[in-house]
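K.L.:
Let me begin by handing over the structure; questions about it come next.
The values are calculated or read from the model by the stated rules, or taken from the named source; none is laboratory data. Since this is a predicted model, take the numbers as computed values, not measurements. Please note: Cβ atoms are built from the backbone with ideal geometry, for glycine as well, and neighbour counts cover all protein chains shown.
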């Protein structure tokens, strides 16, 4: 295969014929990224929402470190996780290195700062808009964070989708800790790098097309969620306005 057109024809043939190797790599990649996102998002939502409403000494330093982690190269994350999981590392007894679990851990570490930072900013902006109303109703910070999490569910859904896109498109961390073992830890991005270096351009191109397709679907979902959010309006503001018009016997407490 010496031309782009020949490689493209073969790539589409692999896709339409549901090539077993291609399907295996795609499903493994989706499984790793989805598992990592569930772990990172479940933790990031809680920590990010708390940071959005919390006020404490040293908060600026925490936010600076969090924002710095957003630019952390994936290969650095992979290196740190590798050292932790290596035979002489503190987590070496787990035996996770070059396994599915190691890739999930690496992607979870990589995605967590993204989720926390975006959730924190979303919740903090919402808290600025409704902070005075919360204070008048006696709501404490923990209750505020929970209410705002629900109210901003459409915006936060886009954060979760973006986190999945970040996970499935990264290559450095999973290659370092997974070892790119055929049939076990080889995912879409690592396969593209390997097959390109080997000269198997059709398979690499097929994987690239599918990866772009997944990213396109994620962007369409984000656009739809934003549209739903615009149509839904601001239910929290409406609800709090209604409560403010009624006599309140006791405040909201966490």
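K.L.:
Can you give me the ranges of the helices (runs of 4 or more DSSP H) entirely in the range 135-230 with at least 1 residues that are touching a helix residue (DSSP H, G or I) at 6+ places or on another chain (Cβ under 9 Å) and more than 26 Å from residue 83 (Cα to Cα)?
P.N.:
141-151, 153-168, 188-198
K.L.:
Related question: So the check is Cβ under 8 Å with 6+ separation or different chains; which pairs have a first residue in the range 45-67 that's on the phi > 0 side of the Ramachandran plot and part of a helix (DSSP H, G or I) and a second one that's buried (at least 18 other Cβ atoms within 10 Å of the Cβ) and modelled with pLDDT of 90 or more?
P.N.:
none
K.L.:
Here is a follow-up. Test each condition in (1) crowded, with 19+ Cβ neighbours inside 10 Å; (2) more than 19 Å from residue 171 (Cα to Cα); (3) at pLDDT 90 or above for residue 111 and report the one that comes out false.
P.N.:
Only one criterion is unmet by residue 111, namely (2).
K.L.:
Quickly run through the range 200-220 and pick out the residues that are surrounded by fewer than 17 Cβ atoms within 10 Å (Cβ to Cβ) and touching a residue at least 60 places away in the same chain (Cβ under 8 Å).
P.N.:
If the condition is that a residue be surrounded by fewer than 17 Cβ atoms within 10 Å (Cβ to Cβ) and touching a residue at least 60 places away in the same chain (Cβ under 8 Å), then 209 is the only one that fits.
K.L.:
Same structure, new question: Residue 89: farther than 30 Å from residue 123 by Cβ and either modelled with pLDDT of 95 or more or surrounded by 13 or more Cβ atoms within 10 Å (Cβ to Cβ) (or both), yes or no?
P.N.:
yes
K.L.:
Checking the structure you have, find out if any residue of the range 55-67 is at pLDDT 90 or above, surrounded by fewer than 22 Cβ atoms within 10 Å (Cβ to Cβ), touching a helix residue (DSSP H, G or I) at 6+ places or on another chain (Cβ under 7 Å) and under 18 Å from residue 170 (Cβ atoms).
P.N.:
No, that holds for no residue.
K.L.:
Residue under question is residue 24, and the condition is that it be assigned to a helix (DSSP H, G or I), free of Cβ contacts under 8 Å to residues at least 12 places away in the same chain and surrounded by fewer than 16 Cβ atoms within 10 Å (Cβ to Cβ); does it hold?
P.N.:
In short, no.
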